Amino acid sequence: MKTAISVFLFCVFLPVLNSCSNKSESWIRINQMGYRTGDIKCAVFISSGKIEVSSFSIIDAKNGRKIKTLKSVTKAEPLHPFVSCYRLNFSELQKEGIYRIVAGKTVSPDFKIADDVYDETADFLLNYMRQQRCGFNPYRNASCHLNDGYEIYGPENDSVHIDVTGGWHDAADYLQYVATSANATYQMLFAWQKNPEAFTDKYLPDGLPGSDGT
C-alpha cells in the first residue's frame, strides 16, 4: 500500500516539479520609458544558454498583428552570467503605437513609441526615490531607523543613540551609505538645476501626494 501511495504521489508531483524547473532562459530588454519616433531604437536580447538570433519581429500589442520582421541584429559580447547577447535595432519603426518584440520564443514587455514618452520623466524617477525613503516612507505609511543608530568608539560614551533617519535605502535591506545618498542628492539637484520646468508640484516633503509650492 505504501509503495502504491509513493508511486501515485511521484506521478502527481513530477509534472509540477518539471514545470517549476522549466524556467525561461532568454529575455529581451527594452527602454521601459519608450522611444520617440525619430530616436535610434534598440533592444537587447540576452540568454543564459547558447542561442542564435538572426531576425526578430515587431508586434502591434493592441491587436497582436505582426508589423514587420527585421534582420538588423548585431551580436554583442555577453556579460556574466549570460552566454548569448544581441542588439536588435528597429530604428526604422517610427509610427506611434504600443509594440512588443518577438525573437524566437522570447517576447519583450510592451513598449510605447511616441514623441511624449519622456514627459513627466522626472516624477517617474522620483517615484522610485519615494519608495526608498528612510524615515517616514509614504508607501508603507510607517517609519524606520528610529532607534537603531548608535555611536561606537566616538567622543561620547559607547552606544549613545544618534538619529540616522533620512536619505534613502540602497535596496530592500534598508541599508544606507553616505556615498550613494550623496550621489543621489547631487543627481536630483543637478537635474532640477538644468531642467526646473520638468519637475511638478504634486508631492509634499514627506513623499505623500499634495502641493506645497515647491
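The values are calculated or read from the model by the stated rules, or taken from the named source; none is laboratory data. In this text the structure is predicted, and so the values were computed from the model without any measurement. We place every Cβ from the backbone using ideal geometry, glycine too, and count neighbours over all the protein chains shown. These accessible areas exclude ligands, DNA and RNA; they are computed on the full protein's heavy atoms, side chains included. Shrake-Rupley method; radii C 1.70, N 1.55, O 1.52, S 1.80 Å.
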Among THR185, THR121, the single one that is under 22 Å from the mean Cα position of the chain (by Cα), touching a residue at least 60 places away in the same chain (Cβ under 8 Å) and at negative phi is THR121
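Quick check on region 70-98: of everything there that is part of a loop (DSSP other than H, G, I, E, B) and of a type in the set (A, V, I, L, M), which residue is surrounded by the fewest Cβ atoms within 10 Å (Cβ to Cβ)? Spell out the reasoning first.
Here is the first cut: in region 70-98, the residues part of a loop (DSSP other than H, G, I, E, B) are 71-72, 76-83, 90-96.
Those left that are additionally of a type in the set (A, V, I, L, M): 76, 79, 83, 93.
Working: ALA76: 13, LEU79: 8, VAL83: 14, LEU93: 16.
Looking at residues that are part of a loop (DSSP other than H, G, I, E, B) and of a type in the set (A, V, I, L, M), I get LEU79.
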Across (1) farther than 24 Å from GLN32 by Cα; (2) in contact (Cβ under 8 Å) with a residue 24 or more places away in the chain, TYR153 clears everything bar (2)
Test each condition in (1) touching a Ser or Thr at 6+ places or on another chain (Cβ under 9 Å); (2) more than 30 Å from ASN31 (Cβ to Cβ) for TRP168 and report the one that comes out false. (2)
Under the condition of being within 19 Å of PHE136 (Cβ to Cβ) and among the small types (Gly, Ala, Ser), which residue from region 157-170 is surrounded by the most Cβ atoms within 10 Å (Cβ to Cβ)? GLY167
Of the residues in region 26-43 that are charged (D, E, K, R) and touching a Ser or Thr at 6+ places or on another chain (Cβ under 9 Å), the one that is most open to solvent (accessible area, probe 1.4 Å) is ARG29
How many residues, within region 204-214, are under 26 Å from HIS145 (Cβ atoms) and open to solvent by 80 Å² or more (accessible area, probe 1.4 Å)? 3
Every residue in region 175-203 that is open to solvent by less than 70 Å² (accessible area, probe 1.4 Å) and either assigned to a helix (DSSP H, G or I) or charged (D, E, K, R) (or both), please. THR180, SER181, ALA182, ALA184, THR185, MET188, ALA191, PRO196, ALA198, ASP201
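Of the residues ILE58, ILE46, ILE67, which is touching a Lys or Arg at 6+ places or on another chain (Cβ under 9 Å), assigned to a strand (DSSP E or B) and open to solvent by 30 Å² or more (accessible area, probe 1.4 Å)? Explain how you work it out, then say what you get.
Details: ILE58 fails: open to solvent by 30 Å² or more (accessible area, probe 1.4 Å); ILE46 fails: open to solvent by 30 Å² or more (accessible area, probe 1.4 Å).
Sole residue among the options that is touching a Lys or Arg at 6+ places or on another chain (Cβ under 9 Å), assigned to a strand (DSSP E or B) and open to solvent by 30 Å² or more (accessible area, probe 1.4 Å): ILE67.
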Of those in region 131-156 that are open to solvent by 70 Å² or more (accessible area, probe 1.4 Å) and either of a type in the set (S, T, N, Q) or not in a loop (DSSP other than H, G, I, E, B) (or both), the residue farthest from ALA198 (Cα to Cα) is TYR150
Are there any pairs with C-beta distances below 7 angstrom linking a residue in region 76-101 that is without any contact (Cβ under 8 Å) to a residue 12 or more places away in the chain to a residue that is buried (at least 17 other Cβ atoms within 10 Å of the Cβ) and not in a loop (DSSP other than H, G, I, E, B), with the two at least 6 apart or on different chains, and if so which? GLU77/CYS85
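Taking the residues in region 115-130 that are under 10 Å from THR37 (Cα atoms) and touching a Lys or Arg at 6+ places or on another chain (Cβ under 7 Å) as candidates, determine which candidate is least open to solvent (accessible area, probe 1.4 Å). Talk me through it step by step, then tell me what you get.
Step one: list which residues in region 115-130 are under 10 Å from THR37 (Cα atoms), which gives 115-117.
Restricting the remaining residues to those that are touching a Lys or Arg at 6+ places or on another chain (Cβ under 7 Å) gives 115, 117.
Numbers: ASP115: 92, VAL117: 12 Å².
Per the criteria, the residue is VAL117.
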Looking at (1) surrounded by 10 or more Cβ atoms within 10 Å (Cβ to Cβ); (2) over 18 Å from GLU25 (Cα atoms), which one does ILE101 not meet, given that it meets all the others? (2)
